[in-house]
Amino acid sequence: MIKSMTGYGSAKGASDMMEISVEVKSVNNRYLDCTIKLPRAFYALEDPLKTIVQRYISRGKVDVYVYIDSSKAENVEIKINRPLAGAYVGALKSLAEEFGLNCNISAVDLSRFPDILQAEKREADAERLCADVSVILEQALCGFDEMRGREGEKLTGDITSRLDMIEKLTCTVEEISPRSVSEYRSKLEMRMQEILQTVDIDEARILTEAALFADRVAVNEEIVRLRSHISQLRDMLKSSEPIGRKIDFLVQELNREVNTIGSKGNDAEMARTVVDIKAEIEKIREQAQNIE
């Protein structure tokens, strides 16, 4: 089953009281171009997350948005500056003795002095956070892949219908080609009769000219290659591997064969049929730009 390059997926979770949400979006691109957008404090997660994305996606412009809310995390630690607290207590007792004062110091009183208590955030467990974010990213990528698969089914159906039309038009080309040789021979005989004004026409000369014309306009080889390319393209559409670039190449080959048929054609109906085939090939080329 082929996949589209465009898709969207999201997932949410938590890690050590931190809320995490991940969104994955992609659009068409010739190669894989992945951007991971993280809060500044978590830039170290970028490379591991890119590695995960590369396992799922081989082509496209991919943006991954990682939101981490640590406002509710229980990672605040209160530290006591014990040397400073001891110095304050010693100084207060010295003042009390010197001036004959009571020295009733409570913990609350002491905590009010500058720098006695300091609130600090504990560093998050980097490995655990990376593992948790990776799990949530993979959940988002699974949803992302499902959406790309659904779009891929639609692309497959559209391309298949156009291949059917190209095959039908190719049959028309096969019917027209020998008919054009017969018409050419009839026209040649009429012209020679007009010029020579006699019914005694050199049949050998007519046959030779008709044979040369038939060889010049023969499209059998091009039709065989055209059908071969169509068959290859049908097989590709059944593959689960990324095939976008291969389809690009085959579309070029289809165009090459049809252009050759068009250059050999000497018939108005043939010209119209070739134009119709080229229109279908162009529509396939446009759809191929969406395929991974």
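The values are calculated or read from the model by the stated rules, or taken from the named source; none is laboratory data. Only a predicted model underlies this, so the values are computations on that prediction, with no experimental measurement involved. In this analysis, Cβ positions are derived from the backbone assuming ideal geometry, glycine residues included, and neighbour counts consider all displayed protein chains.
Points worth noting:
- Residue check: Tyr56 meets all listed conditions (1) without any contact (Cβ under 8 Å) to a residue 24 or more places away in the chain; (2) of a type outside the set (Lys, Arg); (3) outside the structural domain of Phe113 (by TED's automatic domain parsing) but one, namely (1).
- Among residues of segment 250-292, those that are surrounded by 18 or more Cβ atoms within 10 Å (Cβ to Cβ) and among the hydroxyl-bearing types (Ser, Thr, Tyr), counted: 1
- Only one of the numbered conditions (1) at pLDDT 90 or above; (2) closer than 20 Å to Val133 by Cα; (3) of a type outside the set (Phe, Trp, Tyr) is not met by Thr6, and that is (2).
- Every condition in (1) modelled with pLDDT under 85; (2) touching a helix residue (DSSP H, G or I) at 6+ places or on another chain (Cβ under 7 Å); (3) under 27 Å from Asp132 (Cα atoms) holds for Leu117 except the one numbered (3).
- Screening the candidates Leu129, Leu141 for the property of being surrounded by 16 or more Cβ atoms within 10 Å (Cβ to Cβ) and under 30 Å from Leu237 (Cα atoms) yields one hit, Leu141.
- Taking first residues from segment 233-258 that are within 16 Å of Asp164 (Cβ to Cβ) and partners that are not in a helix (DSSP H, G or I), the Cβ contacts under 7 Å between residues at least 6 apart in sequence or on separate chains come to Met236/Ile243; Leu237/Ile2.
- Of all residues in segment 239-280, those being under 30 Å from Thr6 (Cα atoms) and in a helix (DSSP H, G or I) number 18.
Yes or no, residue by residue, for (1) part of a strand (DSSP E or B); (2) in contact with a strand residue (DSSP E or B) (Cβ under 8 Å, 6 or more places away or on another chain); (3) at pLDDT below 95; (4) buried (at least 16 other Cβ atoms within 10 Å of the Cβ):
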{"position": "Ser10", "(1), (2), (3), (4)": "yes, yes, no, no"}
{"position": "Glu23", "(1), (2), (3), (4)": "yes, yes, no, yes"}
{"position": "Arg55", "(1), (2), (3), (4)": "no, no, yes, no"}
{"position": "Val64", "(1), (2), (3), (4)": "yes, yes, no, yes"}
{"position": "Lys72", "(1), (2), (3), (4)": "no, yes, yes, no"}
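- Looking across segment 25-42, the residues that are in a strand (DSSP E or B) and among the basic types (Lys, Arg) come down to Lys25, Lys37.
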